[in-house]
1. Across region 4-126, what fraction of all alpha-carbon pairs, as a whole percent, falls in each successive 10 Å bin from zero upward?
2. Apply the Kirkwood formula to region 61-100: the hydrodynamic radius equals the inverse of the mean of 1/r over all pairs of different alpha-carbon atoms; give it in Å with one decimal.
3. Output needed for the chain: three equivalent-ellipsoid semi-axes, defined as square roots of 5 times the C-alpha gyration tensor eigenvalues, in descending order, whole Å.
4. Under 19 Å Cα-Cα from K46, which lysines qualify once same-chain neighbours fewer than 8 residues away are excluded?
5. Using θ = phi - 60° and the Karplus form 6.51 cos²θ - 1.76 cosθ + 1.60, what ³J(HN,Hα) does each residue of region 7-16 get, whole Hz, x for Gly and Pro?
6. Kindly state, to the nearest 0.05, the FRET efficiency for T225 paired with A141, given R0 = 41 Å and r defined as their beta-carbon distance.
7. How many angstrom lie between the C-alpha centres of region 128-191 and region 1-35?
8. May I ask you to compute the full-extension gain from E274 to V9, defined as 0.36 nm times their residue separation minus their alpha-carbon distance, rounded to one decimal in nm?
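Read the figures in this text as sums done on the coordinates, not as results from a lab. This structure is a prediction, so every number in the text was calculated from the model and none was measured. As a convention, Cβ positions derive from the backbone with ideal geometry for all residues, glycine included, and neighbour counts pool all protein chains shown.
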Amino acid sequence: MTFPHLSLVADPHDRLGLLRTDEAWLQERWADPASRVLVISGTRVKPGPDGLEWVPTADAPDGVRVLLGDRGGTTWWAVIVGGEVAKVEPDRWLPLRGLLPHLTGDAVAHAPLVFHAIGLAEWHWATRFCPRCGGGLAPRAAGHELVCTDCGKPQFPRSDPAVIMLIAHGEPGAPDERCLLGRGATWPAGRFSTLAGFCEPGEALEDAVRREVHEETGVVVGDVTYFGNQPWPLPSSLMLGFQGRALTEEIRLDDDDVEDARWFTREEMRRKAESGSLVLPGGVSISRSLVEDWYGGPLPGSW
């Protein structure tokens, strides 16, 4: 089956990493009238009436220039300006989650560029001072590196590995096989999703799956297999999808992050999704792909 989350990474750009320090080449590409720029205020973007606006470099404001790369023979950039710009029109400048509805149809091809741009903007926003000496930081390597102006130590973007998992119990494919979904305390009524959590230092990904499921629901997990991944710069995660088999069924909620967790058969999932009493994650998320892969096809409704 086709997994919905793959549409956001289906047409990646050439990131041109070896050219990020070639100043003459960077100036040449910036001067090209065909080059295009996404303007980001802090970590927010203002869509236009027809979706995201990629402006010519001549129309871009002053700010931190970030080389995104080449796609289709065009050089793509981002310019990061101060967050005060977005404060003038706070309802029109949107974070990444608010931009996802604009990354549909033909615009979905720009999703890898947008994820790249906002991921770096989030890093610039959060990385203000040198962690070694507290000195100021200056951008270089076309926005992909920050160097301390006092001690010279460089900083590089980070992606935090997070596991997200579909846990099942029972004979695979049997009518009474069930999968485990949970919900956060602040979520609207009916919303459930796969469990997820961050990998800790020195921890294997499969062990992170087992630990997070046990901490959040008390369920013990045995076999764990890799499913796929999804960049998720909210603000800087790489979601690593897994499927696991539960060894126990009893749910015990000791983690304040999870308000409720339940087992669902395929029939229960279909019936509740059709009625609207169960609202599953959106189609662009790897969580949706995990659920529909287990279910065996598309399901109605989404966040």
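1. With a bin width of 10 Å, the distribution comes to 13, 47, 34, 7, 0.
2. On the way: mean 1/r = 0.0831 Å⁻¹.
It works out to 12.0 Å.
3. On the way: eigenvalues 308, 99, 59 Å².
With the √(5λ) rule applied to the chain, the semi-axes are 39, 22, 17 Å.
4. In chain and number order, the partners are K87.
5. 5, 7, 10, 6, 10, x, 8, 7, 6, 6
6. On the way: r = 37 Å, r/R0 = 0.90.
After rounding, the FRET efficiency stands at 0.65.
7. Taking the Cα centre of region 1-35 as reference, the centre of region 128-191 is 22 Å away.
8. Values: separation 265, 0.36 × 265 = 95.40 nm, distance 2.90 nm.
Between E274 and V9, full extension yields an extra 92.5 nm.
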